[in-house]
1. Give me a comma-separated list of calculated 3J(HN,Hα) values for the range 38-48, in order, Karplus coefficients 6.51, -1.76, 1.60 applied at θ = phi - 60°, integers in Hz, x for any Gly or Pro.
2. Under the rule of at least 5 residues apart or a separate chain, name every residue whose amide H is placed under 5 Å from the amide H of ARG60.
3. With no solvent and one equal point scatterer per Cα, compute the Debye intensity ratio I(q)/I(0) for the chain at 0.18 Å⁻¹ and report its log10, rounded to two decimals.
4. What nm distance separates the two modelled labels at GLU63 and MET1, each placed 7 Å from Cα along Cα→Cβ?
5. Under a Cβ-only charge scheme (Lys and Arg +1, Asp and Glu -1), can you give me the dipole magnitude of the chain about the Cα centre, in debye to the nearest 20?
6. Using θ = phi - 60° and the Karplus form 6.51 cos²θ - 1.76 cosθ + 1.60, what ³J(HN,Hα) does each residue of the range 26-36 get, whole Hz, x for Gly and Pro?
Amino acid sequence: MARAALRWSAQELARRANVGRVTVQRLESGKVEPVPAIAAAIRQALERAGVEFHPNGSVRLREPADAEL
């Protein structure tokens, strides 16, 4: 969901998180449990791009800083 909101491919997320594309695809498929360090790298890449994670499991994109002007 977060990757889709950014309109990133699996390859783009993998590049920004410094993990393999296949790793991203396997995690998204739910076939494997994420290694904590890899999950953290992916989350940090998404957060740097403006994704906000909420405790209820939802995600959204932050408003750009200049949107308030």
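Taken together, the values in this text are just the output of simple stated rules run on the coordinates, not laboratory data. Here the structure is a predicted model, which means the values were calculated and not measured. We place every Cβ from the backbone using ideal geometry, glycine too, and count neighbours over all the protein chains shown.
1. Calculated HN-Hα couplings, in order: 6, 4, 5, 5, 5, 4, 5, 5, 5, 5, 4 Hz.
2. HN-HN under 5 Å from ARG60: GLU52.
3. -0.68
4. If labels sit at GLU63 and MET1, their model points lie 2.1 nm apart.
5. Its charge dipole is roughly 360 debye.
6. 5, 5, 5, 6, x, 7, 9, 8, x, 5, x
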